Amino acid sequence: MRWWALPALASAAYQLLAIAAALRWKLAGASAPPPGSRPQPLSVLKPLYGGDDRLYAALRSHACQNYPQFEILFGARGPHDAALAEVARLRREFPAVPMRVIVAETSAPNPKAGVLARLAAEAKHPLLLINDDDIEVPPGYFHRVTAPLANARVGLVTCLYRARADSLPARLEALGVATDFAPSVMVARFLGMEGFALGATMAMRAETLRKIGGFEPIAGYLADDYELGRRVAATGLAIQLAPVVVDTGLGGGRWRDVWRHQLRWARTIRVSRAAGYFGSAITHTTVWALVAFAAGAWPAGAAALAARLAAAWIAGAVVLQDAQVKRRFWLLPARDLFAFAVWAAGCLGSTVYWRGLKLRLDRQGRIQPE
């Protein structure tokens, strides 16, 4: 009975660490100095892939930023991408904002990275901001994510995100983003593990991108954001987490869609960072609490479950201010059990589904012909 209590207690300790990391990030953001008064010109690189109901709001949130000088470069893999209609609508609403559409047909295994390589080559300004097309940003976002680059020791700036969803499976996934994924990022930062970036935001100098060879060397990897951050960190430059949270949309995916999305994420992490992936077993606190309960170690199980609920609420509802966490917190145990099933499935296999394609990953995370 005592032995079965140990994993639950270790997992509870992780959740307490997550609370400390979340509160530290919140306090650091609140005490951050205001952005400098002379920001450098900025090129926003936006790879496009189809359209949905939230796409226009996401694109518009960039066009209406109050920033002295910026351009937005939209990259499509073909002239008939559905997203281009929304870009045309955006250009009509914001005729004064410099925008360009670049059709970049690419044979790169990761087409998104191939498009980004072309956009980076076309960018005019010394600062680059890369994020996914469905990312919706708050006012002041450009200032917040570029200000740290005034420090020559900072090579890349990234940020946390919340997810919005329209179906029960997707809402469970969104709940996990705020209560599991975001806390894990904050814990990693808390422990000094900074060599990674998130696709929700990657701001950097064009000079730094050239220094690591551009996007071409990472166009064979599925986790292009992770590879970009890893290569920037390898130069000795720091990666900073900006004090801003953006939003993304998960849509109304079915159970199969969510399973495939989560499994792709899990297997990509495993092949990129195997030790971290298998070590993350201890973070599945709800499962370890149930194991402790089943073994009769009720105090350990109760302590673990209480720590998990507290950490999830503080990180998701208090720190990230995610309204969906507040409304659907009662779904957290079901979400945690689903996440553990995904983690177990992610321990094996190398096949993933991404943007309608079936892909196979090698041991370094590179895309292989299926």
Inset, instruction - Go through (1) touching a Cys at 6+ places or on another chain (Cβ under 7 Å); (2) more than 21 Å from V177 (Cβ to Cβ) one by one and return the number of the condition V145 breaks. - result: (2)
Inset, instruction - Could you run through the stretch 237-256 and say how many residues are farther than 23 Å from A57 by Cα and touching a residue at least 12 places away in the same chain (Cβ under 8 Å)? - result: 7
Inset, instruction - Scan A174, A170, A147, A178 and give me the residue that is in contact with an Asp or Glu (Cβ under 7 Å, 6 or more places away or on another chain), in a helix (DSSP H, G or I), buried (at least 18 other Cβ atoms within 10 Å of the Cβ) and in the same structural domain as N66 (by TED's automatic domain parsing). - result: A178
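To keep it simple, each residue is scored yes or no on (1) surrounded by 13 or more Cβ atoms within 10 Å (Cβ to Cβ); (2) more than 20 Å from I269 (Cα to Cα); (3) touching a residue at least 40 places away in the same chain (Cβ under 8 Å).
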| site | (1), (2), (3) |
| --- | --- |
| V318 | yes, yes, yes |
| Q324 | yes, yes, yes |
| R335 | yes, no, yes |
| V342 | yes, no, yes |
| L361 | yes, no, yes |
| Q364 | no, no, yes |
| I367 | yes, no, yes |
Inset, instruction - Residues being buried (at least 21 other Cβ atoms within 10 Å of the Cβ) and either in contact with a Cys (Cβ under 6 Å, 6 or more places away or on another chain) or part of a helix (DSSP H, G or I) (or both): count how many of those fall in the stretch 119-142. - result: 3
Inset, instruction - Taking the residues in the stretch 85-114 that are touching an Asp or Glu at 6+ places or on another chain (Cβ under 8 Å) and of a type outside the set (A, V, I, L, M, F, W, C) as candidates, determine which candidate is surrounded by the most Cβ atoms within 10 Å (Cβ to Cβ). - result: K112
Legend entry - Which numbered condition K26 fails, given (1) among the charged types (D, E, K, R); (2) farther than 30 Å from L357 by Cα; (3) touching a residue at least 24 places away in the same chain (Cβ under 8 Å); (4) in a loop (DSSP other than H, G, I, E, B): (4)
Legend entry - Sole residue being buried (at least 17 other Cβ atoms within 10 Å of the Cβ) and within 22 Å of G140 (Cβ to Cβ), chosen from Q69, Q65: Q65
Legend entry - Criterion violated by R308 - all others in (1) in a helix (DSSP H, G or I); (2) closer than 17 Å to V258 by Cα; (3) among the basic types (K, R) satisfied: (2)
Inset, instruction - With the condition kept exactly as written, say whether any residue in the stretch 350-359 is in contact with a helix residue (DSSP H, G or I) (Cβ under 6 Å, 6 or more places away or on another chain), of a type in the set (V, I, T), in contact (Cβ under 8 Å) with a residue 12 or more places away in the chain and under 21 Å from L175 (Cα atoms). - result: no
Inset, instruction - Kindly indicate whether F74 is at pLDDT 95 or above, over 17 Å from the mean Cα position of the chain (by Cα), of a type in the set (F, W, Y) and not in a helix (DSSP H, G or I). - result: yes
Inset, instruction - Say whether the condition of being under 20 Å from the mean Cα position of the chain (by Cα) and in contact (Cβ under 8 Å) with a residue 40 or more places away in the chain is met by at least one residue in the stretch 82-104. - result: no
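Would you confirm, using the coordinates I've provided, whether R189 is more than 16 Å from the chain's Cα centre (by Cα) and closer than 22 Å to R153 by Cα?
For R189, the condition - more than 16 Å from the chain's Cα centre (by Cα) and closer than 22 Å to R153 by Cα - is not met.
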Inset, instruction - Can you give me the ranges of the helices (runs of 4 or more DSSP H) entirely in the stretch 198-304 with at least 3 residues that are surrounded by fewer than 19 Cβ atoms within 10 Å (Cβ to Cβ) and of a type in the set (G, A, S)? - result: 274-279
Inset, instruction - Go through the residues of the stretch 319-327 one by one and say whether even a single one is over 28 Å from G50 (Cα atoms) and among the charged types (D, E, K, R). - result: yes
Inset, instruction - Quickly run through the stretch 339-354 and pick out the residues that are touching a strand residue (DSSP E or B) at 6+ places or on another chain (Cβ under 6 Å) and in a loop (DSSP other than H, G, I, E, B). - result: S350
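The values are calculated or read from the model by the stated rules, or taken from the named source; none is laboratory data. Everything numeric here is computed off the predicted structure, so don't read it as measured data. So basically every Cβ, Gly included, is an ideal-geometry build from the backbone, and we count neighbours across all protein chains shown.
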